[in-house]
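Colleague: I'd like to ask some things about the structure below.
Readers should treat all values here as calculations from the given coordinates under stated rules, not as data from a laboratory. The shown structure was predicted, so the numbers you read here are calculated from the model rather than taken from an experiment. Using ideal geometry, Cβ is built from the backbone for each residue, glycine included, and neighbour counts are taken over all protein chains shown.
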Amino acid sequence: MTCVVHRHDSEEDHRRRENQRRGNRELTQTSRRIAGLLYLVVAIFGGFAQGFVYPKVYAAGDAATKAKNFLANFGLVRIGVVADLIQVRSGSLSR
């Protein structure tokens, strides 16, 4: 069995350690807020791409209609791809 000898900290050591703990808590709180914001970005951009862009462009089982929609909505397709890229990047950063 080992004995642990506690040394008495000075007031300054105690204050420094307490400030360090507070800083770690604030960093954790900031990290949580950033992660929450990134998840919100994922939801917004993912919802836009899945709910607005894809239904206007893709036609199930009809390649000719899909190609026609793709060319007619090329700007929208580009925005959808960018939205997907932002969604994927935000999702990977939030983990």
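Colleague: Mind counting the residues in segment 46-94 that are among the basic types (Lys, Arg) and in contact (Cβ under 8 Å) with a residue 12 or more places away in the chain? Step through it out loud before you land on a result.
Modeller: First, pick out the residues of segment 46-94 that are among the basic types (Lys, Arg): 56, 66, 68, 78, 89.
With in contact (Cβ under 8 Å) with a residue 12 or more places away in the chain added as a condition, the list becomes 56.
Going through segment 46-94 one residue at a time, the tally reaches 1.
Colleague: Where residues in segment 25-78 are more than 29 Å from the chain's Cα centre (by Cα) and aliphatic (A, V, I, L, M), which of them is surrounded by the fewest Cβ atoms within 10 Å (Cβ to Cβ)?
Modeller: Among residues in segment 25-78 that are more than 29 Å from the chain's Cα centre (by Cα) and aliphatic (A, V, I, L, M), the one surrounded by the fewest Cβ atoms within 10 Å (Cβ to Cβ) is Ala60.
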